[in-house]
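K.L.:
Provided herewith is a single structure, encoded as structure tokens, for subsequent inquiry.
The values are calculated or read from the model by the stated rules, or taken from the named source; none is laboratory data. Keep in mind the model is a prediction, meaning the values are calculated, not measured. With ideal geometry, Cβ positions are generated from the backbone for all residues, glycine too; neighbour counts draw on all protein chains shown. Just the protein is used for accessible areas: all its heavy atoms, side chains included, with ligands, DNA and RNA removed. Shrake-Rupley method; radii C 1.70, N 1.55, O 1.52, S 1.80 Å.
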Amino acid sequence: MIPQNFEYSAPANLNEALALLAGGKAKVLAGGMSLIPLMKLRLAAPEQLVDLGHVPDLKAIREEAGSIRIGAMATHYEIESSPLVRGKCPLLAEAAAHIGDLQVRNMGTIGGSIAHADPAADYPASLMALEVQVRLVSSKGERTLAIGQFLTDALTTALEPGEIVREVIAPVEAPGAGVSYQKMVQPASGFAIVGAAARVRRSGGKVSFIRVGITGLAGKAFRATNVEKLLEGTAGSSADIQKAAAVVADGVDANSDLFASADYRRQMAKVYTARALTQAVSRAS
Ligand SMILES: Cc1cc2nc3c(=O)[nH]c(=O)nc-3n(C[C@H](O)[C@H](O)[C@H](O)COP(=O)(O)OP(=O)(O)OC[C@H]3O[C@@H](n4cnc5c(N)ncnc54)[C@H](O)[C@@H]3O)c2cc1C
């Protein structure tokens, strides 16, 4: 349970951090909630750690040009409790509140969570439903990717060596929208066996806008556009919701592990998608 020796640096600003990472050998340390256990188990043995915990620019949560910008080092607790996120991007605050326990939420960061890309992580369902952009930076420059391009597979992202997540850019939620994140909790870890996030707007008694994101079911989180198509334009009745949720796992190569078989996950995905849709529809005005 003792990690291999490593060098540790704690840069005080972003340029210093990017210079230390430029060689591509050093690994970023954020909250350490995923990386440190891996190092203690010797499943990861980085030679150098660059701790982003002292880089102030990376912690900011702010509104800019109709978007909510969340710095990579914002902790789950800061996101859950931010009045700006709760008021203008409530789905993300709700997802953050579902993560692990208080200690994990106080240490773990959104940048660390999406860079780690655990297929059972909570944020990705909401990030898919919110169609967020992920801003990346390295010593060579910047680029911005849609979340669906950033998460490429289980534990795999589009991050290049030396590149870090700088911020996550989410839309300001429309007035009157209803949102919900529902998850089946893995009782030992708190991770999602399946998790479903929904955003709904209503107009003239019909569902006029719908986004659904799913985590835990497959190797990477995805947007369930088949569910969205079935529900859009309906009254959003219980029957409409059940019919739409029933297709969520169609064609999905479902994960299977000690906690839940692929068939069980598919079934639970339908149940939790229906729950998220029901709550989001009931909250939409
Ligand atoms: C007991 C326990 C329960 C948990 N339960 C849940 C849960 O219910 N739901 C859930 O979603 N998660 C859960 N987690 C995981 C938690 O959310 C972690 O916070 C998260 O996965 C990693 O974030 P971190 O900031 O700790 O990153 P770290 O562990 O520091 O880093 C993780 C990885 O991301 C890289 N990295 C970190 N920041 C960046 C960045 N800005 N740019 C590029 N790469 C970066 C690191 O190099 C490393 O490879 C749990 C963890 C624990 C220990």
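K.L.:
Only one of Lys270, Lys206, Lys229 is modelled with pLDDT of 95 or more, in contact with a helix residue (DSSP H, G or I) (Cβ under 7 Å, 6 or more places away or on another chain) and not polar (S, T, N, Q); which?
P.N.:
Lys270
K.L.:
Any chance the stretch 250-262 includes a residue that's farther than 22 Å from Cys89 by Cβ, among the aliphatic types (A, V, I, L, M) and part of a helix (DSSP H, G or I)?
P.N.:
There is at least one residue in the stretch 250-262 that is farther than 22 Å from Cys89 by Cβ, among the aliphatic types (A, V, I, L, M) and part of a helix (DSSP H, G or I).
K.L.:
Here's a follow-up. Mind checking which pairs have a first residue in the stretch 100-115 that is over 15 Å from Leu49 (Cβ atoms) and a second that is open to solvent by 40 Å² or more (accessible area, probe 1.4 Å) and in a helix (DSSP H, G or I), Cβ under 6 Å, 6 or more apart or different chains?
P.N.:
Once the first residue is over 15 Å from Leu49 (Cβ atoms) and sits in the stretch 100-115, its partners that are open to solvent by 40 Å² or more (accessible area, probe 1.4 Å) and in a helix (DSSP H, G or I) give Arg105/Tyr77; Asn106/Tyr77.
K.L.:
Another one. Mind checking which residues of the stretch 136-150 are free of Cβ contacts under 8 Å to residues at least 40 places away in the same chain, farther than 20 Å from Phe222 by Cβ and within 11 Å of the ligand (Cβ to nearest atom)?
P.N.:
Scanning the stretch 136-150 gives a single hit, Leu136.
K.L.:
Suppose we keep only residues that are crowded, with 20+ Cβ neighbours inside 10 Å and within 9 Å of the ligand (Cβ to nearest atom) within the stretch 35-70. Which one would you say is nearest to Gly87 (Cα to Cα)?
P.N.:
Leu58
K.L.:
Looking for whichever is surrounded by 17 or more Cβ atoms within 10 Å (Cβ to Cβ) and out of contact with any Pro (no Cβ under 7 Å at 6 or more places or on another chain) here; the options are Ala224, Ala246, Ala235, Ala239. Which one fits?
P.N.:
Step by step, each of Ala224, Ala246, Ala235, Ala239 is checked, and only Ala224 is surrounded by 17 or more Cβ atoms within 10 Å (Cβ to Cβ) and out of contact with any Pro (no Cβ under 7 Å at 6 or more places or on another chain).
K.L.:
Just to be sure I understand, how many residues within the stretch 156-171 are assigned to a loop (DSSP other than H, G, I, E, B) and either open to solvent by less than 50 Å² (accessible area, probe 1.4 Å) or within 9 Å of the ligand (Cβ to nearest atom) (or both)?
P.N.:
Count: 4.
K.L.:
With within 20 Å of the chain's Cα centre (by Cα), farther than 14 Å from Val168 by Cα and polar (S, T, N, Q) as the only criterion, which of Ser67, Ser81, Ser9 stands out?
P.N.:
Within the list Ser67, Ser81, Ser9, the selection yields Ser81.
K.L.:
Residues Val227, Val200: which one is within 26 Å of Ala121 (Cβ to Cβ), assigned to a strand (DSSP E or B) and away from the ligand (no atom under 16 Å from the Cβ)?
P.N.:
Just one listed residue meets the conditions, Val200.
K.L.:
Step by step: first the residues of the stretch 71-92, then only those that are within 14 Å of the ligand (Cβ to nearest atom) and crowded, with 22+ Cβ neighbours inside 10 Å, then the one that is farthest from Arg199 (Cα to Cα). Which residue is that?
P.N.:
Within the stretch 71-92, the match that is farthest from Arg199 (Cα to Cα) is Met73.
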